[in-house]
Every structure is written in C-alpha cells, then in structure tokens.
Amino acid sequence: MTEAITFKFKFLNSEGHEDSFLAKKGALSPEGLVLGDESLPIEALGKASLHSKKYILLALNSSDEAVSIGLAVTKGRAADLVRAMNALSSARLAKHYREAVQESGEGGVFRFARCPYCRATINLSELPHSDQTACGYCDRLFSPENKAVAAEADFCLCEHCGYYGRVQARTMFYFYFLLVIWGFQSDELTACSVCAQKKNGWMVLANLLFIIGLPNALYQWGRCLRAIEFDRSAFGGLEKANQLAEKGKVDEAVVYYDRLTRHLGLAGGVHYNKGRALLLHQRAEEAVPALEQALSECSNYFPSLQLLLDAYEQCGRHEQLAGLKKRYGLDVAPPAEQA
Ligand SMILES: [Zn+2]
Ligand SMILES: [Zn+2]
C-alpha cells in the first residue's frame with residue numbers, strides 16, 4: 001500500500017452510538033492513521049475488527065490498560081479499511097520484533113506468514129512448525145497453496161457457538177404492525193449456519209403474524225438448511241456435525257468429523273471441533289488426541305491450545321500439561337521454595 005486511503009467517519013461513544021452529527025475526514029497511509037484532528041502512528045494501532053459492515057472497533061497499543069476506539073464509516077469501504085489497517089500494523093509489529101531480537105544479539109530464526117485472505121503478517125517465530133496457520137486478524141485458517149481446498153476461506157470460529165463453521169454476515173428482517181404504527185427492523189448477524197438457522201427459526205415465527213416479512217425469513221431459514229444439510233464443498237458435513245454436537249449427539253457428530261478429517265488433507269479446525277464436542281460432554285480422554293492433532297496441524301490455533309490445556313488438566317496429565325505450557329512459553333508455576 002503506497003497511496004493513502006481516505007474515508008469519512010464518526011466516532012462512536014461508549015454506548016456505541018455516533019457521537020456527532022457531521023462526519024470527519026480520515027486517512028490511512030503507511031505513516032499512520034489520521035482521524036479528524038488527531039494522528040496516530042502505525043505503531044499505535046492494534047487489531048481492527050469490522051461489525052455490521054460499517055463499524056470498526058480498533059484496539060490501540062498502550063502501555064497502560066487496553067484501550068480501543070469505535071468508528072462508524074460513513075463514506076468509503078470499512079472492510080477494505082480494516083484489512084489495510086491490520087496489514088500495516090501487523091507488518092510493522094513483525095519488523096519491530098525482528099529488530100528487537102537482532103539488537104538483543106540472541107539471534108534466532110524468524111518465521112512469518114502472510115494471510116492470503118486479509119494480508120496480515122503473522123509471527124510464527126517462537127512456535128512449533130505446522131502446515132496450517134491461523135490468522136488472528138481475520139480468524140481464518142490457511143494451508144499451503146498446494147494443499148488448500150477451495151472452501152477454506154469461508155470457515156472460521158463462530159463467536160456464538162464456538163465451533164469452526166461457515167461464518168457469514170446475514171440480514172435478519174422483522175416486520176411489525178402495532179395498531180397504528182407499522183414498520184420493519186433489520187439487523188445483521190455474523191454467525192455460522194447452525195446459529196443463524198436457530199435465530200432464523202425465531203425470525204419465521206416473529207414474522208408469521210405479519211405476512212410481509214415471512215418470505216424473507218423463510219428464504220434465510222432455507223439458506224441455512226441447505227448449507228447444513230446439502231453442502232457440496234470439501235467441508236460438506238461439518239456444520240451438520242456441529243449441529244449434532246450442539247444437540248448433544250456427540251457420537252453421531254464424531255462420525256462426520258472423522259469422515260472429513262480422512263479426506264481433507266489438513267483440518268486443524270475440524271479436529272478442534274471434534275475435541276471441543278467431546279470435551280464439552282465430559283469425554284476429556286477422547287478429546288485429547290483430537291486436540292493434539294488440531295495443534296499439530298495448526299500450531300498457532302490458540303482455541304485448540306486452550307482446550308488441550310483444559311483437557312490435560314481434567315485428565316490429570318500434569319507432565320503433558322507442563323510440557324505444553326513450556327513449549328508455548330506460558331507461565332509455569334515456580335517450584336515451591338525449599339525450607
Ligand atoms: Zn487473515
Ligand atoms: Zn455458531
């Protein structure tokens with residue numbers, strides 16, 4: 001990126017509402033981010049995330065507590081802006097890391113990856129090697145080009161159910177008629193097909209009374225059903241398995257997960273789902289191999305790491321727990337002081 005991206009925006013207040021009537025001018029360039037009268041160097045930018053197509057939540061790097069700002073983009077493409085912010089800030093972070101290690105004279109091997117979906121730079125320098133990589137910016141997993149399957153870009157962790165699924169932004173539409181007042185309300189839900197179908201079931205009921213909203217509600221519900229039951233992509237059956245796991249039918253879900261991992265070359269997300277389903281249903285011993293496999297295929301997929309730590313703990317596997325913490329540089333309790 002060499003030219004500045006210009007846009008118009010309004011700041012969001014602590015309640016998430018736009019705090020001014022008039023929009024301000026903004027610009028992003030390799031030098032930094034200009035927001036009205038304020039300028040921030042690239043070093044100050046943390047992770048940016050997009051919400052409901054036009055809202056950006058931007059974390060700021062601060063030595064004190066976590067600080068973030070909210071922006072409503074009124075002119076310009078917020079999605080492009082988020083991608084550009086993350087690409088610039090992650091590249092700068094990687095550069096600083098390399099310089100700091102070189103200056104310390106400790107040497108070391110630098111290993112960075114570029115996310116093919118959002119162009120963020122991911123630092124893998126201190127992590128075990130694996131074929132798949134997780135992007136902490138767009139939350140997708142990616143495989144080396146020769147091993148990637150076409151639908152990989154559509155899948156990531158669903159923030160509603162915690163499973164790896166086909167997460168998309170979907171419009172929810174409600175029509176209402178209250179004696180003399182009528183209107184409609186639409187909202188956006190970013191979720192996997194299973195969560196969206198659940199929500200859409202309610203949407204169908206809510207719109208049932210007022211026929212106008214019903215076709216849209218039924219259409220959305222049918223889309224989710226098709227995605228869950230008739231997915232023809234290489235990940236076909238994954239969301240069906242997630243739905244079964246959510247309903248507590250873990251053995252049936254495991255059959256789907258195993259079928260998928262057999263034919264997908266790399267499937268860190270699918271192993272993670274299997275481990276999660278088993279762990280949530282008090283089957284920690286069975287969850288362990290699935291989560292170990294998830295981490296060995298994608299070593300920086302931290303949701304798998306967290307679950308594997310929990311699983312080791314629940315199984316009383318203290319040596320493996322300590323080994324895993326050490327491998328990932330996590331705090332290990334200091335040995336008890338000798339009397
Ligand atoms: Zn990414
Ligand atoms: Zn979900």
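Give the residue from A227, C158, L308 lying farthest towards the positive end of the charge dipole for the chain; charges sit on Cβ (+1 for Lys and Arg, -1 for Asp and Glu) and the dipole is referred to the Cα centre.
So the residue we want is A227.
Taking the alpha-carbon set of region 1-78, what are its Rg and Dmax in Å?
Considering region 1-78 through its Cα atoms, Rg and Dmax are 12.1, 35 Å.
Return the unpartnered cysteines for the chain, using a Cβ-Cβ cut-off of under 4.7 Å.
C156, C161, C195, C224, C298, C315
Let me know the shape class of region 231-305, please: from the alpha-carbon gyration tensor, a ≥ b ≥ c as square roots of the eigenvalues, rounded when a/c is under 1.5, otherwise prolate if a/b is greater than b/c, or oblate.
oblate
With the cut-off at 29 Å, tell me which of the pairs K240/K326; K75/K147; K25/K53; K95/K326 have Cα atoms farther apart than that. Mind showing how you got there, number by number?
Details: K240/K326 36 Å; K75/K147 39 Å; K25/K53 19 Å; K95/K326 26 Å.
Pairs exceeding the cut-off: K240/K326; K75/K147.
For A191, list long-range residues whose amide hydrogen, built 1.01 Å from N in the peptide plane, is under 5 Å from its own amide hydrogen.
Q168, R170
Could you pull out the chymotrypsin sites (Phe, Trp or Tyr not before Pro) across region 221-305 that fall in loop regions by DSSP (anything but H, G, I, E, B) with no more than 15 other Cβ atoms inside 10 Å? Walk me through the intermediate numbers first.
Numbers: sites: W221, F230, F235, Y256, Y257, Y272, Y301; in loops: F230, F235, Y301.
The qualifying sites are F230.
For labels at R114 and K75 in the simple 7 Å Cα→Cβ model, what's the distance in nm?
3.2 nm
Could I have the simple spin-label model distance between S125 and K25, label points 7 Å from Cα toward Cβ, reported in nm to one decimal?
Placing both labels 7 Å beyond Cα along the Cβ direction yields 3.8 nm.
Among the listed pairs K198/K247; K10/K47; K199/K249; K47/K247; K47/K325, which are separated by more than 23 Å between their Cα atoms? Could you put the intermediate results ahead of the total?
Details: K198/K247 12 Å; K10/K47 19 Å; K199/K249 20 Å; K47/K247 34 Å; K47/K325 25 Å.
Result: K47/K247; K47/K325 exceed 23 Å.
Within a 10 angstrom radius of the beta carbon, how do D154, D19 rank from fewest other beta carbons to most? List each step's numbers first, then the result.
Values: D154 15, D19 12.
Ascending Cβ contact count within 10 Å gives the list D19, D154.
Which net charge results when you count Lys and Arg as +1 and Asp and Glu as -1 among the other residues whose beta-carbon is under 15 Å from that of W221?
Details: positive: R170, K198, K199, R223, R226; negative: E229, E239.
Result for the neighbourhood of W221: +3.
222 nm [θ] for the chain, helices only, -39500 (n - 2.57) per DSSP H run of 4+, per residue, to 500? Intermediate values should be presented prior to the final figure.
Working: 9 runs with 133 residues, N = 339.
That comes out to -13000 deg cm²/dmol.
How large is the dipole of region 5-90 about the Cα centre if only Lys and Arg carry +1 and Asp and Glu carry -1, each at its Cβ, rounded to the nearest 20 debye?
On the way: 10 positive and 10 negative charges, 119 e Å.
Here region 5-90 has a charge dipole of around 580 debye.
Could you go through region 281-297 in sequence order and give the Karplus-derived ³J(HN,Hα) for each residue, using 6.51 cos²θ - 1.76 cosθ + 1.60 with θ = phi - 60°, rounded to whole Hz, and x for Gly and Pro?
10, 6, 10, 4, 4, 6, 6, 3, x, 5, 6, 5, 5, 4, 6, 6, 7
Using a/c under 1.5 as the rounded threshold, could you call region 48-120 rounded, prolate or oblate? The axes a ≥ b ≥ c are square roots of the C-alpha gyration tensor eigenvalues, and prolate needs a/b larger than b/c, oblate otherwise.
Details: a/c = 3.82, a/b = 1.83, b/c = 2.08.
Because a/c hits 1.5 or more and a/b fails to exceed b/c, region 48-120 counts as oblate.
Along the Cα→Cβ direction, 7 angstrom out, place labels at Q306 and E43. What is the inter-label distance in nm?
So the two model labels end up 3.0 nm from each other.
Compute, for the chain, the length of the dipole vector about the Cα centre, with Cβ point charges of +1 (Lys, Arg) and -1 (Asp, Glu) only. Units Debye, rounded to 20. Let's see the in-between values first.
Details: 37 positive and 39 negative charges, 256 e Å.
Roughly 1220 debye for the chain.
What are the extents of the Cα atoms of the chain along their three principal axes, in Å, largest first?
Per principal axis, max minus min of the Cα coordinates gives 78, 57, 51 Å.
Any read-out appearing in this document is the output of simple, stated calculations on the displayed coordinates, not a laboratory observation. Everything quoted here is computed from the prediction, not taken from an experiment. Cβ: placed from backbone, ideal geometry, glycine included. Neighbour counts: every protein chain shown.
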